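These notes concern the structure reproduced below.
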Amino acid sequence: MKRIKQLWLVLAVFMLPVTAAYAIDRLLLAPACPDCHAEMTEQLPLFDGTQDGLVRIRANSMEFRARVAGFGNPQGEGVILLHGFPETSIMWEELLDKLGKAGYRAIAYDQRGYSPGARPPAQNDYTKTKIATDVLAIADAAGFERFHVIGHDFGGAIAWTVADRFPERVLSLTSLSMPHPSALADALAEPDSQLRLSSYMLFYQLPLLPELVLGFNKAKFLGYLKWQDHPPGQIEEYERVLGEPGALHAALNWYRAFEFRSLDPVGKVRPPTLFIWGHEDGAFGRVAATETVNYMDGAYRLHTVEAGHDLMLEVPEIVTEEVLAHLKTADRVSEQWATALAETPQEDGSACDQSRPQCLRILLTPDGHTLRIRNRCDEAYKGVVRVSCSKWAPDAAMEYRFSLGAKAEMTQESTGLSNGDCYFRHRLCAKEVDRGKHRPAALIPFF
């Protein structure tokens, strides 16, 4: 007991200057109008389903600040964009404009905790399922029966959750940087680089201290950590939002409440999915990115780029091009699969991702010219990978049937074809008795 008291005394002495600095910051250095962002938000018009620009949207018994575009397109499909930490809907301005001009009705809103009118105080108000219900409520307020969902960083985690929990509402999913949360949990359980890359999350989950450090002088320190390369207009908004009382605490509660491994995990995703990941991402490593395929049960495409974490800043043209192509073709490709699979008898075998450990790694290049399958385990595996591309005939697809021995891999190359955007789905994978010889993968078209 005496030792515990000594430890608390040391902690108190350490915290004294930090607490004093925080008090000075709040009492003497805070702006004369600490709630000016909230007051500015209150002056925005309420969304009525017709206007574009900055609005307020009432949803889920709260009020969200949002940017909307394309609502002059009454028949346009709905798109909802979800920002990450520590950002707001302003990060989507360029893509939002392109979506509106392409005929979509798009909404990017400041999520729970970031909007002054949607900032509940309790930590358990920021679970992934509760935040996901905000997305559905926004869709209902906009009149979207079904919609495309796009997320970056922590917004990507919510997008994955929405696609898993409410697949009947989701036309397609796009995640920038953020792998499937369960794939990230798998990567964190291994002694590899992901644990090091994600160590900052442990700091964010501490009580009080992250607010003191990151929020000092109206969140200026976040500028050094997160916003060095952002345009001045974005930084100004981020400082205004996260510098007001309560906002940073609410944003950090996302990390405190979100459990990647839980009794209610994010499961296999069925809606057509595009995942864009940068090779130089400092938050999410290669293992989690490549393992994401194990949690897919629908059309899936991984597009890797030479960039870091902030893809909308670093490669906006690539993101825009890929997203518009995905929204245009994913639903049709998914329908191709549904028809083909319904007409194909189910064979014995289990889904590729039901084995533990997860043995098979599958990579399909976006243009469909290269398929690589690698078996990382000591048992032999057989199965089928089906591929469909947007420039093929509406009912066309191809099967790659494979039989791989322990620690074996296969690569199928093709050139000269104009495939468009290609997606794949794996199924019918099972262990097989290792007889010492394995058939090579075969390419089988079906119509």
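The values are calculated or read from the model by the stated rules, or taken from the named source; none is laboratory data. In this text, all values refer to a predicted model and were calculated from it rather than measured experimentally. For neighbour counting, all protein chains shown are included, and Cβ atoms are generated from backbone atoms with ideal geometry for every residue, glycine included. SASA here: full protein model, heavy atoms, side chains in, ligands and nucleic acids out. Shrake-Rupley method; radii C 1.70, N 1.55, O 1.52, S 1.80 Å.
Can you pull the percent of Cα pairs in region 79-229 with separation above 23 Å?
Cα-Cα pairs of region 79-229 separated by over 23 Å account for 42 percent.
Based on the Cβ-Cβ distance of Thr365 and Glu190, what FRET efficiency does E = 1/(1 + (r/R0)^6) give at R0 = 30 Å, to the nearest 0.05?
0.70
Tell me the volume per residue, in Å³, of the convex hull enclosing the alpha carbons of region 192-245.
Taking only Cα atoms, region 192-245 has a hull volume of 86 Å³ per residue.
Amide H neighbours of Tyr300 under 5 Å, at least 5 residues apart or on other chains, H built in the peptide plane: list them.
Under 5 Å from the amide H of Tyr300: Thr273, Phe424.
Can you give me the three principal axis dimensions of region 231-334 from its C-alpha atoms, in Å, biggest first?
Extents along the principal axes, in whole Å: 46, 39, 26.
Given Cα pairs under 8 Å that are at least 6 residues apart, what percent is the relative contact order of region 107-265?
Relative contact order for region 107-265 comes out at 28 percent.
Can you tell me the length gained on complete extension of the stretch Glu280 to Lys101, counting 0.36 nm per residue apart and subtracting the Cα distance?
My answer for the length gained is 61.3 nm.
Listed highest first by mean packing, meaning other Cβ atoms within 10 Å per residue, what order do 78-86, 372-380 come in?
The peptides rank, most packed first, as 78-86, 372-380.
How do 149-159, 246-256, 312-322 rank on mean C-beta neighbours within 10 Å, highest first?
149-159, 246-256, 312-322
Return the long-range amide H neighbours of Val305 (sequence gap of 5 or more, or a different chain), with a cut-off of under 5 Å between placed amide H atoms.
Amide H neighbours of Val305, under 5 Å, 5+ apart: Trp277, Gly278, His279.
Can you compute the charge dipole magnitude of region 112-231 about its Cα centre, using +1 on each Lys and Arg Cβ and -1 on each Asp and Glu Cβ, nothing else charged? Give it in debye, rounded to the nearest 20.
That gives region 112-231 a dipole magnitude of about 380 debye.
Using the Cα atoms of region 92-176, I'd like the radius of gyration and the largest Cα-Cα distance, Dmax, both in angstrom.
12.8, 40
Excluding ligands and nucleic acids, what accessible area in Å² is computed for Arg401 using a 1.4 Å probe, to the nearest 10?
Here the residue's solvent-accessible area equals roughly 80 Å².
Once you've got the Cα coordinates, tell me which of Lys101/Lys226; Lys128/Lys268; Lys268/Lys407; Lys226/Lys328; Lys130/Lys220 are over 22 Å apart.
Table pairs above 22 Å Cα-Cα are Lys101/Lys226; Lys268/Lys407; Lys226/Lys328; Lys130/Lys220.
Give me the Debye-computed log₁₀ of I(q)/I(0) at q = 0.11, 0.16, 0.22 Å⁻¹ for region 31-153, equal point scatterers on Cα only, no solvent, two decimals.
Values, matching the q order: -0.34, -0.73, -1.35.
Highest mean first, how do 115-126, 170-181, 299-310 rank when packing is the count of other Cβ atoms within 10 Å averaged over residues?
Result, highest mean Cβ count within 10 Å first: 170-181, 299-310, 115-126.
How many angstrom lie between the C-alpha centres of region 54-122 and region 182-204?
If you average the Cα positions of each part, the centres end up 29 Å apart.
With every protein chain present, what accessible area does Met62 have (1.4 Å probe, heavy atoms only), rounded to the nearest 10 Å²?
Surface accessible to solvent at Met62 totals approximately 30 Å².
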